1. Quick one: is Leu107 touching a strand residue (DSSP E or B) at 6+ places or on another chain (Cβ under 6 Å), under 30 Å from Ala27 (Cβ atoms) and not hydroxyl-bearing (Ser, Thr, Tyr)?
2. Considering only region 78-86, I want to know if a residue exists there that is of a type outside the set (Gly, Ala, Ser), out of contact with any helix residue (DSSP H, G or I) (no Cβ under 9 Å at 6 or more places or on another chain) and in a loop (DSSP other than H, G, I, E, B).
3. Could you tell me whether Gly148 is at pLDDT below 85 and surrounded by fewer than 16 Cβ atoms within 10 Å (Cβ to Cβ)?
4. Restrict the check to region 153-173 and report whether at least one residue is out of contact with any Asp or Glu (no Cβ under 9 Å at 6 or more places or on another chain), modelled with pLDDT under 95 and on the phi > 0 side of the Ramachandran plot.
5. Tell me which residues, restricted to region 343-378, are within 30 Å of Asp248 (Cβ to Cβ) and in contact with a Gly (Cβ under 6 Å, 6 or more places away or on another chain).
6. Being farther than 20 Å from Leu218 by Cβ, free of Cβ contacts under 8 Å to residues at least 60 places away in the same chain and in a loop (DSSP other than H, G, I, E, B) is the filter; apply it to region 309-342 and report the residue that is farthest from the chain's Cα centre (by Cα).
7. Please go through region 369-395 and pick out each residue that is open to solvent by less than 60 Å² (accessible area, probe 1.4 Å), assigned to a helix (DSSP H, G or I) and within 10 Å of Met219 (Cα to Cα).
8. Collect the residues in region 200-245 that are modelled with pLDDT under 95, surrounded by fewer than 23 Cβ atoms within 10 Å (Cβ to Cβ) and in contact with a Pro (Cβ under 7 Å, 6 or more places away or on another chain), keeping them in residue-number order.
Amino acid sequence: MTNIISLAEIKVGLNFGDETIPVGRLASRDYKIYFEFDEAFLDLGLEISPLNLPLESGVQTFNPSLFEGLPGVFNDSLPDGWGRLLFDRLVRSRNLLPHEFTPLDRLAYIGFMGLGALVYEPDYSDERPAETIDLDLLADQTQEVIDGEAENVLEELVDLNGSSAGARPKALVGVAQNRQHIIHGKHELSKDYEYWIVKFANTIDGVDAGAIEYVYSLMAKEAGLEMTQTHLFPASKGAGYFATQRFDRDNRKRFHMHTVSGLLHSDFRVPALDYEDLLALTEVLTKDIREVEKMFRLTVFNILSHNRDDHGKNFSFLMDSSGQWKLAPPYDLTFSSGPRGHQSTMVMGEGQNPTTEHLIKLGKEANLTRSQIDTIIEQVKHALGQWEVLSKNHNVSNLNIKLIKSRLLV
């Protein structure tokens, strides 16, 4: 780990898979963060955050009480939850204090290896060889970290986590196309490997959490959601490790990724969004009714499947090198509870017990036809009706099979 004397400035770039395009500079002065676009980048007309980072000359500042003063688009590059815990533990193991690291310092540790297409200089990310990964060993190591031990593997776990977000431990890996070999996957991979994310259990997960999320991914695909590939890797303990292919990478090509939380400058820890906001955002950003329909289908799936951890960081959009936006494939789809048991994102003002009537009203507000709305709801219900068979096939516990079945709105 490179020791950093607090950075006063960091360069921001975009890399879609070839050369890096200079975007601008972030600077920190007197506990406040400033950003300025490069003049040459302004001429390209690429809006990396259309709603809260205007494509204009001059220095811009942001709310210091949100995202530690960062614009939301750059805050999206930083890990939270498990990733932040790992980094802070590593910092302390070097006799440093986490609060001594500014957001700019943390971005330097993301460097060129974060999720999406944004890159940062100086780059303090570690270059590691493509070593083979044993998922069972990695699961044991993450548990040791949760238990407050394993200082000797912190640096490797930080490297594997990259900038992925969320409370559950994750690793960015390379998976062989035949699914028989797994290696470190943060850096450039050979054509025989694909970029994936593997998840591990946290302190509140059961041993079948991976299997539950995998079954949810199967039901989501059956419901017509455009998912990336998913897989359930075998585990020595429990029902398996859930893994999903990364959607910000396509071989060497990279896509700019932006969460709803970052786009709207909305704190995902404070429930304040309605799916009506998400559908409106989709229309404004993509200008494509087909993408709006995808967001509505995802809404229906989340509501009917009791996925209540549906906060603003669990929805993302992708931008390609031409500046075209589209809805990112769904992720973090699983049985979950939200704040006080409510949906994290409401449906037409209802968070406690949203029903199909709320969904129908939402679809109409988004200018979908009643035929489209009814078809999507029926497709999702049909897919969720397969829960019991699929969950038994993938070793979900009988207790969870019954519990989840009782909460599905089918």
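1. When the stated conditions are applied, Leu107 passes them.
2. No, the conditions are met nowhere in region 78-86.
3. So Gly148 fits the description; yes.
4. Within region 153-173, one or more residues are out of contact with any Asp or Glu (no Cβ under 9 Å at 6 or more places or on another chain), modelled with pLDDT under 95 and on the phi > 0 side of the Ramachandran plot.
5. Those that are within 30 Å of Asp248 (Cβ to Cβ) and in contact with a Gly (Cβ under 6 Å, 6 or more places away or on another chain): Gln343, Ser344.
6. Among them, the one singled out is Ser322.
7. Val380, Lys381, Ala383, Leu384, Trp387, Leu390
8. Asn202
The values are calculated or read from the model by the stated rules, or taken from the named source; none is laboratory data. This one's a predicted model, so the numbers in the text were calculated from it and none came from an experiment. All Cβ positions, even for glycine, are placed from backbone atoms using ideal geometry, and neighbour counts span all protein chains on display. The protein model used for the area step is the full one, side chains on, heavy atoms only, and it has no ligands, DNA or RNA in it. Shrake-Rupley method; radii C 1.70, N 1.55, O 1.52, S 1.80 Å.
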